[in-house]
Amino acid sequence: MDLFFQLTLAGLAIGSIYACVALAVVMIYQATDHFNFAQGEMAMFSTFICWTFLGLGLPVWVAAVLAIGTSFIAGLIIERVIIKPVENAPVLNQIIVFIGLLMIFNNVAGWIWEFTIKPFPSLFPDDFGFKSELIGPHHMGVIALTLTVLLLIFLFFRFTRVGLAMRAAAANPDSARLVGISVGWMLALGWGLAAAVGAVGGILVAPIVYLEPNMMSGVLLYAFAGALLGGVSSPGGAVLGGLIVGVLENWLGQYVPGGSELKLTFALILIVGVLLFKPAGLFGRVVIKRV
Amino acid sequence: MDRPNPITKKLLIGFLIALGVGILIPQITTDFTTYQFTLAISYGIAMLGLNILTGYNGQFSVGHSAFFAIGAYTAAIMIEHFAIDPYTSIVIAAFAAFVVGFLFGLPALRLEGLYLALATFGFAVATPQLLKFDAFEHWTGGVQGIFVPKPEPLMEGLSADQSLYYVAMGIMVFLMVVAWSILNSRSGRAMMAIRDNPVAAATMGINLPMVKTTTFGLSAMYAGIGGALFTYSSEFVSPDTFNFFIAVYILVGSVIGGIATIPGVIFGGLFIVFMPNYAQDLKLFFEGTEGPWAAVAGVVPPPWAIFGVMLILVIYFVPFGVWGGIERLWAWTKRRSAG
């Protein structure tokens, strides 16, 4: 039974990382109806930035906060400079721009920091003052930190003026514009926030999967699966979806023969399955289209 | 919207000239360069498949590496385990890719635009892991992959590389003609009608699910044939060869050549294979120089980062690609001379 709880808790920890990336994906999807295929690579890049700060001798928390701040600004700039010109372009063009971004981040990271696998330190101490047989200190810290981040984001959207303006811009751009909200900047802010949340996910997952330019491709797929499972129109759902996917992934690896080798296939099946049978996800709104 | 070119006399002449140049290539270059051209052709065929799917039918795929891999592995397995000759193996590979593509097209029916891109993305990311799967190891060779000897030359006096090149070129020309004929037929018009206005297409009695899944299968078949030729020219398949970036290469080539064109894939294929070399040469050139120029080598980004930038710029400024540009230039000169 202990093994089961260990697996579940570790699944929740990795799932909360998926939840971060899933939330980043959903934030951008809600504002602009795009799936950011480059979200994973952006998070990877942020993690490398954090690694560079660490190399300068900064304490790990300072490095993380600086990297997250840098990611926020970078996300903002990317939206303003690269995404804005294709805002109204056909879907294909937008997908291609995301794929272009993915390539740029992946290769530039490999170019600057090389493709070798690097260990990455945990943000958390080895010892929280109490020990548990069921969950390691890093996983414990991951769950606590992501829950805090998610709570902060919820509070931000729920209780601040800017958060309200961002929700308005996403829900109804035309009306938002009429009441004086700068919709373009709200979208950019959304991108910045998404990049920052993605960076949190990257920094937390790096001690587990090690730091290298391709570290996020699997994580992004799980995050997509989580976002779809929870419902792409529901940020809370996406978070829950990420957690569920993390736990399922761990169970699958342990209890299904050959499961540990088919984790990505499982994510694929989950994505296709959800899209086919419950396209709105568990918590999303059903979109009714008029023809 | 974009339709396949009508065959004009001038286009035919251009095509024959291109064919002539194509036939000359192995005679005037080394075996290695010929091999690179064969690679370009195999990518080009996969791009042709993507163009049919995306450019003419409006369904997205960022996962054509998966079908490329299916073709490559089927051909390799046929040769390795069943001792079937390489040319029959291409046909079997094409069929296998068609079936998988058709089946993947079934769920794709309910997925539009972005969601389809997402599902194909998942397929491409999961493919290498599936190919490594223990239960298939007897067939796929697991992580080690499979070695495939280059097909024996078909004619005396040709090297294996030259012979394979001519075979690949013949297949590509054939598949281009097939694509052109399909697109100019009733079914082709149905494909384009679905792309332009699915509701109107359905109203006119087009069987949407049938046309869309068949197109998906056809597109996958092209990718599979490309994959089989890729296997023969590189003499080796392994799971990590067919990672997500192959899908990106195919997409990049399609977009750069022109996504709703047939001849554009020639440029796309050549671009994917040769541009990284030129970028590398450029870097080496700068490294070899003295003084301030040597410093430039350090700041030349890797080719694929440059292509990422180029991809975005192409979408901003020339979304119709190289072939679309040629067509527009041609139309412009004709207007000039007429006016």
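The values are calculated or read from the model by the stated rules, or taken from the named source; none is laboratory data. Given the structure is predicted, the values throughout are model-derived calculations rather than measurements. Cβ coordinates were reconstructed from backbone atoms using ideal geometry, including for glycine residues, and neighbour counts include every protein chain displayed.
Some observations on this one:
- Only one of A:Leu101, A:Leu54 that is under 26 Å from A:Val183 (Cβ atoms) and either buried (at least 18 other Cβ atoms within 10 Å of the Cβ) or touching a Phe, Trp or Tyr at 6+ places or on another chain (Cβ under 9 Å) (or both): A:Leu101
- Only listed residue being under 30 Å from B:Pro151 (Cβ atoms) and surrounded by fewer than 22 Cβ atoms within 10 Å (Cβ to Cβ), chosen from B:Ser185, B:Ser238, B:Ser219, B:Ser233: B:Ser238
- With respect to the conditions (1) within 17 Å of the chain's Cα centre (by Cα); (2) in a loop (DSSP other than H, G, I, E, B); (3) not β-branched (Val, Ile, Thr), A:Ala24 falls short on a single one, namely (2).
- Qualifying residue in the stretch B:170-189 (condition: polar (S, T, N, Q), in contact (Cβ under 8 Å) with a residue 24 or more places away in the chain and under 19 Å from B:Asn51 (Cα atoms)): yes
- Candidates B:Gly55, B:Gly113, filtered to the one that is within 14 Å of chain A (Cβ to nearest Cβ), touching a residue at least 40 places away in the same chain (Cβ under 8 Å) and surrounded by fewer than 24 Cβ atoms within 10 Å (Cβ to Cβ): B:Gly113
- Within the stretch B:296-339, the set of residues being modelled with pLDDT under 80, surrounded by fewer than 11 Cβ atoms within 10 Å (Cβ to Cβ) and part of a helix (DSSP H, G or I) comprises B:Gly298, B:Val299, B:Ala338.
- Only a single criterion out of (1) in contact (Cβ under 8 Å) with a residue 60 or more places away in the chain; (2) within 14 Å of chain B (Cβ to nearest Cβ); (3) more than 18 Å from the chain's Cα centre (by Cα) is not satisfied by A:Glu79, namely (3).
- Any hit, the stretch B:120-128, residues being at positive phi and small (Gly, Ala, Ser): no
- Residues in the stretch B:68-81 include at least one that is over 16 Å from B:Leu164 (Cα atoms), without any contact (Cβ under 8 Å) to a residue 40 or more places away in the chain, more than 14 Å from chain A (Cβ to nearest Cβ) and more than 17 Å from the chain's Cα centre (by Cα).
- Residues located in the stretch B:128-175, provided they are assigned to a loop (DSSP other than H, G, I, E, B) and either within 14 Å of chain A (Cβ to nearest Cβ) or among the polar types (S, T, N, Q) (or both): B:Phe133, B:Ser159
- Scan of the stretch A:131-155 for residues that are exposed (fewer than 14 other Cβ atoms within 10 Å of the Cβ), under 19 Å from the mean Cα position of the chain (by Cα) and of a type outside the set (A, V, I, L, M), ordered by number: A:Thr148
- Residues in the stretch A:258-277 that are more than 9 Å from chain B (Cβ to nearest Cβ) and over 16 Å from B:Ala119 (Cα atoms) were compared, and the one that is surrounded by the fewest Cβ atoms within 10 Å (Cβ to Cβ) is A:Ser260.
- Entry remark, the stretch A:167-213: residues being under 30 Å from A:Ser122 (Cα atoms) and in contact (Cβ under 8 Å) with a residue 12 or more places away in the chain number 24 in total.
- Pairs linking a residue in the stretch A:82-95 that is facing chain B (nearest Cβ under 7 Å) and assigned to a helix (DSSP H, G or I) to a residue that is among the hydroxyl-bearing types (Ser, Thr, Tyr) and surrounded by fewer than 20 Cβ atoms within 10 Å (Cβ to Cβ), with Cβ atoms under 6 Å and 6 or more positions apart or on different chains, are A:Pro85/B:Tyr316.
For every residue, the table says whether it meets (1) surrounded by 10 or more Cβ atoms within 10 Å (Cβ to Cβ); (2) under 30 Å from B:Asn197 (Cα atoms).
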position: B:Ile17; (1), (2): yes, no
position: B:Pro26; (1), (2): yes, no
position: B:Phe32; (1), (2): no, no
position: B:Ile45; (1), (2): yes, yes
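- Within the stretch B:93-105, the presence of at least one residue that is in contact with a Lys or Arg (Cβ under 7 Å, 6 or more places away or on another chain), crowded, with 18+ Cβ neighbours inside 10 Å and more than 9 Å from chain A (Cβ to nearest Cβ) is confirmed.
- Condition check for B:Gly269: within 14 Å of chain A (Cβ to nearest Cβ) and either touching an Asp or Glu at 6+ places or on another chain (Cβ under 9 Å) or part of a helix (DSSP H, G or I) (or both): no
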